[in-house]
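The next block holds one structure in the form of structure tokens; read it before the comments.
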Protein chains: 2
Amino acid sequence: VKKIGIIGAGAWGTALAQCLANAGHGVTIWALEPEVVTSINEQRENTSYFPGISLNEKIQATGDMLHAAKNDIVLLVTPAQFLRHTLKELKGHVDANTPLVICSKGIELGTGDLLSEIAAEEMPDADFAILTGPTFASEVAKGLPCAVTIAAQNKNIAQQICDGLANNRLRPYSTDDVIGAQIGSAVKNVMAIACGIIYGKGLGENARAALITRGLAEIARLAAAMGGKRETLMGLCGIGDLILTCSSMESRNFSFGAALGKGQKMEEILGERKAVTEGVHTAKALMVMAKKYKVDMPIAETVYKCLFENLSVDEAIESMLSRPVRPENQ
Amino acid sequence: VKKIGIIGAGAWGTALAQCLANAGHGVTIWALEPEVVTSINEQRENTSYFPGISLNEKIQATGDMLHAAKNDIVLLVTPAQFLRHTLKELKGHVDANTPLVICSKGIELGTGDLLSEIAAEEMPDADFAILTGPTFASEVAKGLPCAVTIAAQNKNIAQQICDGLANNRLRPYSTDDVIGAQIGSAVKNVMAIACGIIYGKGLGENARAALITRGLAEIARLAAAMGGKRETLMGLCGIGDLILTCSSMESRNFSFGAALGKGQKMEEILGERKAVTEGVHTAKALMVMAKKYKVDMPIAETVYKCLFENLSVDEAIESMLSRPVRPENQ
């Protein structure tokens, strides 16, 4: 049994808190908003970000981030765009033996940095790991089983975190390919838009399976060009996460693509939404990365052109279908 | 434009005939049953195996297998268990320059041979290739797009077949890993049963994505042990086919697993079915292969025990969830 600190009380942070508390760990979760702290501690419910789930008594909420950081393992679950800010606050206040596990997903807009790169810049001496994989927060909070990738350059750290977090609802698998482990989750939302388009147009399951597979090939090419390993993308962090994101209307990016495929305009769809559709931003960032690392990403490029360069949905589909024949592993 | 012969007029052979005829090729399809030949030639419909699809005029059916074999490219689409018999009939009657493309999927029960192994035994001098990937016949026949893997040891043959078959509804990708390309489609049905069980039990999308991913890892381990390449399984023939089979009630194996998960007994489910649920047989064959090649296949083993050794569905799920933590790429 461990003492686990969780920085960030959004849906995913709350789901992880519930899963780990249910497994018997002591959990302290930090929330930015005082009303979230109060609602967790007094109502045993995160009414702002996870209404309807009755939280385990072992979860303690706090408004003091440094208090949550004093634990055996600390999970960082703030939105990707706030990770740098969070680390600046934590710096100098985390015990040297405490591994920090980044559970957010994404690329820092502006810099194009991976979250591990932000971590290395902001807290170069700390032990970081990445937790990623196919995990809808709603299912994890309900106690349904899932499996995740734990990536850390230091294999012992990865194993220590796996052993610390493993329980009969959460199965971790370790890898030392930190870069490869992050690319899948960072890029998947763009592929989910492409799959949504195919789905919205009624092009069938064969086409969707093909698009997921060729999307994976693009992601693996990018990962390899950035110093990761292609085969890491065969794991939960790659194909696992991609399957989930490209198969369910619960994914905002997939449902966004589906609406495009059905003929709605981008502005119209986004205008109706409160939450961010990350793939739209990632598509832009990805074009910069593809160019920088000289990687051919035809599906991502098609999505980009469809969103920002007035390529019609029909032209986009035609472009995805009519690419020249090529060997499969390139 | 090519002249294409298709040996076998089941659903998949008929769908391929329609797809290739629509792309402008001349197609001759061989059917075992005279009534199928008549129905295709006179009614422009395969009333036995594909009712409801109006067939292209360019499709000519024949009851003479050797007539269908006299073409630029010959596709072999008989059921896997009949491939050996078909090749014995064709032997000596196929032009040396005609590539033979095996479009069936499966393992020969009894011998445990891959279809390429049967081909090498029966017609050692012929140029064989494998066509595989995520393809529901019903969608292909309707003119919906798909992508496939073409595998041949001789890269020129693979490329020649890709170029010959490629059209805007069928995108082939080539590989020279003939073994790797076959393992995915041969084994996927067992994984589909496992995914069906998870689905039937209501364990959620996270668990299904995790199971598909870990299923892929098992398949890749087996492929590598048999002399194929792990990375081939990242392609359409591997993860592509697996996604399709593990995601849709159109898959007989997935729906069989789902019924098991909901509490029905195997005998009860199979008794109601006319068509074969291949995964049930493959599960047996796979245990022999896993042992022969010394490969750890925990998911396949669990399915086997669930089908043949009275392991309960709940015990099966517990066993799939509680495996020891391991590195992801093993």
- prompt: Consider B:A96 against the criteria (1) aliphatic (A, V, I, L, M); (2) within 16 Å of the chain's Cα centre (by Cα); (3) assigned to a loop (DSSP other than H, G, I, E, B); (4) over 23 Å from B:M226 (Cα atoms): it satisfies all of them except one. Which criterion is unmet?
  reply: (2)
message: When you check A:K274 against the structure, is it more than 14 Å from every other protein chain (Cβ to nearest Cβ) and either at pLDDT 90 or above or over 23 Å from A:E108 (Cβ atoms) (or both), yes or no?
response: no
query: Here is a list of conditions, (1) of a type in the set (G, A, S); (2) within 19 Å of the chain's Cα centre (by Cα); (3) at the interface with another protein chain (Cβ under 9 Å from one of its Cβ atoms), and A:G215 meets all of them except one; can you say which number that is?
result: (3)
message: Based on this model, can you work out whether A:E267 counts as among the acidic types (D, E) and either touching a residue at least 12 places away in the same chain (Cβ under 8 Å) or facing chain B (nearest Cβ under 10 Å) (or both)?
response: no
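Table: residues versus (1) modelled with pLDDT under 95; (2) crowded, with 20+ Cβ neighbours inside 10 Å; (3) touching a Lys or Arg at 6+ places or on another chain (Cβ under 6 Å).
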site	(1), (2), (3)
A:L20	no, yes, no
A:G24	no, no, no
A:L32	no, no, no
A:T38	no, no, no
A:N46	no, yes, no
A:D72	no, no, yes
A:L76	no, yes, no
A:Q81	yes, no, no
- request: For the stretch B:185-209, name all the residues that are within 11 Å of another protein chain (Cβ to nearest Cβ) and not acidic (D, E).
  value: B:C195, B:I198, B:K201, B:G202, B:L203, B:G204, B:N206, B:A207, B:R208, B:A209
- prompt: Residues in the stretch B:107-130: is at least one within 14 Å of chain A (Cβ to nearest Cβ), touching a strand residue (DSSP E or B) at 6+ places or on another chain (Cβ under 7 Å) and either acidic (D, E) or under 15 Å from B:A80 (Cβ atoms) (or both)?
  reply: yes
- prompt: Considering A:A186, A:A181, which residue is small (G, A, S) and at pLDDT 95 or above?
  reply: A:A181
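One line per residue, one yes/no per condition, for (1) among the aliphatic types (A, V, I, L, M); (2) out of contact with any strand residue (DSSP E or B) (no Cβ under 7 Å at 6 or more places or on another chain); (3) on the phi < 0 side of the Ramachandran plot; (4) part of a loop (DSSP other than H, G, I, E, B):
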residue	(1), (2), (3), (4)
B:I6	yes, no, yes, no
B:G13	no, no, yes, no
B:A17	yes, no, yes, no
B:V27	yes, no, yes, no
B:L32	yes, yes, yes, yes
B:E35	no, yes, yes, no
B:N41	no, no, yes, no
B:S48	no, yes, yes, yes
B:G52	no, yes, no, yes
- request: Would you check if B:I198 is of a type in the set (A, V, I, L, M), under 15 Å from the mean Cα position of the chain (by Cα) and under 30 Å from B:I269 (Cβ atoms)?
  value: no
message: Take A:E267 and tell me if it is surrounded by fewer than 16 Cβ atoms within 10 Å (Cβ to Cβ) and farther than 30 Å from B:C162 by Cα.
response: yes
query: Of all residues in the stretch B:270-286 being farther than 20 Å from B:Y49 by Cβ and of a type in the set (V, I, T), which is surrounded by the most Cβ atoms within 10 Å (Cβ to Cβ)?
result: B:T282
task: Considering each residue of the stretch A:277-313, count those that are assigned to a helix (DSSP H, G or I), at pLDDT 90 or above and of a type in the set (D, E), and give that number.
output: 1
message: So, in the stretch A:58-68, exactly how many residues are surrounded by 21 or more Cβ atoms within 10 Å (Cβ to Cβ) and part of a loop (DSSP other than H, G, I, E, B)?
response: 0
message: Please go through the stretch B:134-183 and give me each residue that is of a type in the set (F, W, Y) and either more than 9 Å from chain A (Cβ to nearest Cβ) or part of a strand (DSSP E or B) (or both), ordered by number.
response: B:Y173
- prompt: Any idea how many residues of the stretch B:218-236 are within 7 Å of chain A (Cβ to nearest Cβ) and surrounded by fewer than 23 Cβ atoms within 10 Å (Cβ to Cβ)?
  reply: 2
statement: Over the stretch A:246-260, the set of residues in a loop (DSSP other than H, G, I, E, B) and either under 18 Å from B:A217 (Cβ atoms) or more than 9 Å from every other protein chain (Cβ to nearest Cβ) (or both) is A:M249, A:S251
- prompt: Restricting attention to the stretch A:153-195, and to residues there that are under 20 Å from B:M320 (Cβ atoms) and in contact with a Cys (Cβ under 8 Å, 6 or more places away or on another chain), which single residue is surrounded by the most Cβ atoms within 10 Å (Cβ to Cβ)?
  reply: A:Y173
message: The conditions are (1) at pLDDT 95 or above; (2) part of a loop (DSSP other than H, G, I, E, B), and B:I243 fails exactly one of them. Which is it?
response: (2)
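The values are calculated or read from the model by the stated rules, or taken from the named source; none is laboratory data. What you see is a predicted model, and the numbers here were worked out from it, not measured in a lab. Positions of Cβ are backbone-derived with ideal geometry, glycine not excepted, and every protein chain shown enters the neighbour counts.
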